[in-house]
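Enquirer: One structure coming up, written as structure tokens, with questions to follow.
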Amino acid sequence: MRERVMGTASYTAQGVKDTARTTAGSVQEGTEQAAGTARDMADQAGEALRQAPDQAMRGTQGNPMAAGLIAFGAGLLASSLLPASEVEQEKAADLMSRGGEALEPVKEAALESAQHLKEGAREAAQGAAQQVKDTAAEAARITQDEARDQAAQVTDQARESGRQVADEARPQPGSG
């Protein structure tokens, strides 16, 4: 029984060793591939940087605005690649700590302004709604008055027409 346990342990240990070797080989291979890719990318970036001045000159001949923009962009890129100095880091940290305090009044002013805008919009909407209501009521009154006037005219015309028809229907003296 002891020999079986020892054999199984030995077999398991050998399996662990083999797996460790395989894993180490895979890690080493992956690391080599990553390093190769990084070298290739660095070579490509270096080649692009070497060709950049020639390409920039060809693209900007006769166009000083484009040349200025490219120079500005190159300067911006170069400055972003440089690490921040200790003084810059201290100033940034100081600005960030004071920024919260400095922004608080601005935030309060913005909230207050938003509240005023909200109230103003509500008042404007209520005023506009009242104006629409008043205009609609006035239009209804005018329409009602005009309808009454038209009805009176139609009634008068109907009476007049009725009189004319009655007059024409009456026998005329001397006829007949």
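The values are calculated or read from the model by the stated rules, or taken from the named source; none is laboratory data. What you see is a predicted model; the values in this text were computed from it and never measured. Because the Cβ atoms are built from the backbone with ideal geometry, glycine has one as well, and the counts that use them run over all protein chains shown. In case anyone asks, the SASA skips ligands and DNA or RNA and just uses the protein heavy atoms, side chains included. Shrake-Rupley method; radii C 1.70, N 1.55, O 1.52, S 1.80 Å.
Enquirer: Please find, within region 58-105, the residue that is modelled with the lowest pLDDT out of those that are among the charged types (D, E, K, R) and open to solvent by less than 80 Å² (accessible area, probe 1.4 Å).
Expert: Glu104
Enquirer: Further question on the same structure: Here are some residues: Leu111, Leu76. Which one is within 30 Å of Gly46 (Cβ to Cβ) and part of a helix (DSSP H, G or I)?
Expert: Answer to the check: Leu76.
Enquirer: With respect to Ala125, is the statement that it is in a helix (DSSP H, G or I) and over 39 Å from the mean Cα position of the chain (by Cα) true?
Expert: Details: in a helix (DSSP H, G or I): yes; over 39 Å from the mean Cα position of the chain (by Cα): no.
No, not satisfied.
Enquirer: Quick one: would you say Glu146 is open to solvent by 80 Å² or more (accessible area, probe 1.4 Å) and more than 60 Å from the chain's Cα centre (by Cα)? Step through it out loud before you land on a result.
Expert: Working: open to solvent by 80 Å² or more (accessible area, probe 1.4 Å): yes; more than 60 Å from the chain's Cα centre (by Cα): no.
No, not satisfied.
Enquirer: Would you please list the contacts, defined by Cβ atoms under 6 Å and residues six or more apart or on different chains, that run from a residue in region 68-82 that is in contact (Cβ under 8 Å) with a residue 12 or more places away in the chain to a residue that is surrounded by 10 or more Cβ atoms within 10 Å (Cβ to Cβ) and among the hydrophobic types (A, V, I, L, M, F, W, C)?
Expert: Ile70/Ala56
Enquirer: In region 1-50, which residue that is open to solvent by less than 80 Å² (accessible area, probe 1.4 Å) and either acidic (Asp, Glu) or in contact with a Cys (Cβ under 8 Å, 6 or more places away or on another chain) (or both) is modelled with the highest pLDDT?
Expert: Restricting to residues being open to solvent by less than 80 Å² (accessible area, probe 1.4 Å) and either acidic (Asp, Glu) or in contact with a Cys (Cβ under 8 Å, 6 or more places away or on another chain) (or both), the top hit is Glu47.
Enquirer: Something else now. Restricting attention to region 162-170, does a residue exist that is under 27 Å from the mean Cα position of the chain (by Cα), open to solvent by 60 Å² or more (accessible area, probe 1.4 Å) and hydrophobic (A, V, I, L, M, F, W, C)? Outline the logic, then answer.
Expert: Step one: of region 162-170, the residues under 27 Å from the mean Cα position of the chain (by Cα) are none.
Looking for residues that are under 27 Å from the mean Cα position of the chain (by Cα), open to solvent by 60 Å² or more (accessible area, probe 1.4 Å) and hydrophobic (A, V, I, L, M, F, W, C), one finds none in region 162-170, hence no.
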